[in-house]
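Can you keep this structure in mind? I'll have questions shortly.
The values are calculated or read from the model by the stated rules, or taken from the named source; none is laboratory data. What you see is a predicted model, and the numbers here were worked out from it, not measured in a lab. Here the Cβ is made from the backbone with ideal geometry for all residues, glycine too, and neighbour counts use every protein chain on show.
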Amino acid sequence: MAEPDKEQPSSSLPAVVHKRAIVWGDDGVPRPEAVPALTPQGISELSTVALSLPFVPRGDAFPEDKEFEGMTNAEVMVIRLARAAASGDLSATSQLLDRVLGKPKQSVESKSLTLTYADVLKEKAERMKNVRSSSPPPARDSLLDGLI
């Protein structure tokens, strides 16, 4: 049931939809309508297409964009990332090197120890035996202190 103070988009759509539309079902869960939901494969393909599109300069306010004329979005992104890395941006440096050289391999040490329940009991009995033999027996008075 929808909360009264929150307005949800209408689920009625025109016969022809040119853009993805999100509608809220009776259960309150949003879902795409008039187009299939994106799958991981679809997202990958969409990303490839978007990166391959020609770069569109942001307008006259950004004259530095003129040098990228004729390049793809991906090419512009890589050049800007490389420039940021060369300027000392450590995050850009890390991202660029991770993609060019691959992330450094991490080593993890692992040790395995297997004991049976009988082994644990034997070890505990041995420790108890060592504790008893190394400490003097308690005085008789101290044994009775807790009882009186």
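Taking the criterion of being acidic (Asp, Glu), modelled with pLDDT of 90 or more and under 23 Å from the mean Cα position of the chain (by Cα), would at least one residue in the stretch 80-95 satisfy it?
yes
Let me ask you something else. When the stretch 37-58 is examined, which residues are found to be in contact with a helix residue (DSSP H, G or I) (Cβ under 8 Å, 6 or more places away or on another chain) and either of a type in the set (A, V, I, L, M) or without any contact (Cβ under 8 Å) to a residue 12 or more places away in the chain (or both)?
Answer for the stretch 37-58, where residues must be in contact with a helix residue (DSSP H, G or I) (Cβ under 8 Å, 6 or more places away or on another chain) and either of a type in the set (A, V, I, L, M) or without any contact (Cβ under 8 Å) to a residue 12 or more places away in the chain (or both): Leu38, Ala50, Leu51, Leu53, Arg58.
So, one more: Across the stretch 33-47, what is the number of residues that are of a type outside the set (Gly, Ala, Ser) and either in contact with a strand residue (DSSP E or B) (Cβ under 6 Å, 6 or more places away or on another chain) or under 20 Å from Asn73 (Cβ atoms) (or both)?
5
When you go through Gln41, Gln106, Gln95 one by one, which is the residue that is loosely packed, with under 10 Cβ neighbours inside 10 Å and either at positive phi or not in a loop (DSSP other than H, G, I, E, B) (or both)?
Gln41
Would you confirm whether or not the stretch 44-54 contains a residue that is at pLDDT below 85 and either assigned to a loop (DSSP other than H, G, I, E, B) or within 26 Å of the chain's Cα centre (by Cα) (or both)?
No: zero hits.
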